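Reading through the structure tokens given below for one structure.
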Amino acid sequence: MPTYDEIIRSLKQRKPQRVYLLAGDEPLFIDQIASFAAKELIPAEEQDFNQSILYGAEVNARTILLEALRFPMMGSQVLVLVREAQQVRDLDTLAAHLDELPESTCLILCYKKKADKRKALYKAISERGGFFESTKMYDSKIPDFIIKSFAARQLDIDPRTAHLMADSTGNDLEKILNEVEKIALALSEKGTRTVTPEVIEYYIGVSKEYNNFELLTALIRRDAARAYRIALYFASDERNHPIQMTLSTLFGFFSNLMAVYYIDQPNERSIASLLGVQPFVARDYDLARRGYSAAQTFAIIHQIRLIDAYSKGVDANIPTSQLYSELVSRILAA
């Protein structure tokens with residue numbers, strides 16, 4: 001199965017597969033590949049003749065096939081891009097005709113839902129190495145995505161500030177990129193290249209005081225009053241503070257903390273080297289190992305898993321609003 005970068009590279013080199021099925025529940029990567037293909041694969045002066053953009057609600061498999069079977073005019077390739085291909089009712093019938101496609105054709109099917117892997121079309125395209133699955137990004141990966149998105153625009157943002165932004169945007173990648181563009185434009189006008197918490201607060205409208213990173217800091221310091229205050233705030237606004245994101249942040253930290261206990265001489269430098277984190281992040285791990293023993297950390301990870309199960313209705317029927325305080329209680333009592 002080709003990766004996103006491999007597909008983009010093949011399109012850039014104008015050496016694509018004859019057919020791609022881009023499927024999954026994360027539309028951003030599907031849209032990005034489709035937009036790149038429409039812009040880059042066929043030279044601008046040939047696009048009127050050799051590029052067709054179709055919409056699933058308006059076509060059937062026969063229409064798609066007729067476009068894909070034609071040969072290029074005054075060029076070397078034909079691009080047939082089908083947006084919202086999941087709306088083509090008889091799409092699976094294309095499977096029987098893929099071998100008929102000319103070598104000069106690139107057919108891209110943008111299927112914005114999970115592919116049914118029992119279908120003939122999925123099997124046929126997968127066998128040809130043209131299936132790409134665009135899955136939702138895990139919450140724990142969102143800060144890294146934010147950092148890379150700013151880096152692509154020559155802007156710097158540290159992990160703490162990226163977590164702050166992630167608390168506000170959630171895992172809506174399109175929203176994240178829109179906010180990145182907005183901030184990049186604003187900073188370019190000011191002549192600065194660093195994205196600070198103040199910038200995030202001003203342009204996205206989040207509170208620096210109440211976010212997952214601040215909750216984690218309160219727990220590291222065993223500041224029970226502040227931790228409970230943040231938990232109550234989260235419970236009062238579950239829509240903007242989904243517990244799954246909170247659990248992901250805490251689970252990631254305490255899982256990494258377990259590794260710290262195996263360092264012979266733990267300090268900020270050795271912790272930073274082991275975990276591959278910035279020194280100021282290593283400082284938090286160093287403080288946490290002093291406040292929690294390895295046994296306590298192991299118990300905390302177990303409790304986070306339990307709360308995660310409860311939040312999904314497994315083995316308990318506890319309102320989500322109560323789980324935030326329960327989570328804090330169990331961590332501090334471990």
For this session: Return a yes/no flag: does region 99-113 have any residue that is closer than 12 Å to Leu21 by Cβ and surrounded by fewer than 17 Cβ atoms within 10 Å (Cβ to Cβ).
Result: yes
Asp144 meets each of (1) part of a helix (DSSP H, G or I); (2) closer than 18 Å to Ile33 by Cα with one exception, condition (2)
- Message: Would you confirm, using the coordinates I've provided, whether Gln47 is of a type outside the set (Phe, Trp, Tyr), assigned to a helix (DSSP H, G or I) and not assigned by TED's automatic domain parsing to the domain that holds Leu177?
- Response: yes
From the option list Ser126, Ser188, Ser168, single residue qualifying as assigned to a helix (DSSP H, G or I), of a type in the set (Ser, Thr, Tyr) and within 30 Å of Asp237 (Cα to Cα) is Ser168
Within region 212-254, residues being under 18 Å from Phe280 (Cα atoms) and within 26 Å of the chain's Cα centre (by Cα) number 11
Would you confirm, using the coordinates I've provided, whether Glu26 is touching a residue at least 24 places away in the same chain (Cβ under 8 Å), buried (at least 16 other Cβ atoms within 10 Å of the Cβ) and either acidic (Asp, Glu) or outside the structural domain of Asp116 (by TED's automatic domain parsing) (or both)? yes
How many residues of region 57-85 are in contact with a Gly (Cβ under 8 Å, 6 or more places away or on another chain), closer than 19 Å to Gln47 by Cβ and of a type outside the set (Lys, Arg)? The answer is 1
Check: Within region 204-218, can one find any residue that is crowded, with 17+ Cβ neighbours inside 10 Å, hydrophobic (A, V, I, L, M, F, W, C), without any contact (Cβ under 8 Å) to a residue 24 or more places away in the chain and under 30 Å from Arg330 (Cβ atoms)?
Finding: yes
inquiry  = Checking the structure you have, find out if any residue of region 65-81 is of a type in the set (Val, Ile, Thr) and out of contact with any Ser or Thr (no Cβ under 7 Å at 6 or more places or on another chain).
reply    = no
Expected single match for under 19 Å from Lys113 (Cβ atoms) and of a type in the set (S, T, N, Q) among Gln32, Gln17 is Gln32
Log entry, pairs with first residue in region 236-249 being modelled with pLDDT of 90 or more and small (Gly, Ala, Ser), second being assigned to a helix (DSSP H, G or I) and surrounded by fewer than 19 Cβ atoms within 10 Å (Cβ to Cβ), beta carbons closer than 7 Å, six or more apart or on different chains, reads Ser248/Ser140
When Asp315 is run through (1) surrounded by fewer than 16 Cβ atoms within 10 Å (Cβ to Cβ); (2) modelled with pLDDT of 90 or more; (3) acidic (Asp, Glu), the failure sits at (2)
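The values are calculated or read from the model by the stated rules, or taken from the named source; none is laboratory data. All values reported here derive from a predicted model rather than from experimental measurement. Because the Cβ atoms are built from the backbone with ideal geometry, glycine has one as well, and the counts that use them run over all protein chains shown.
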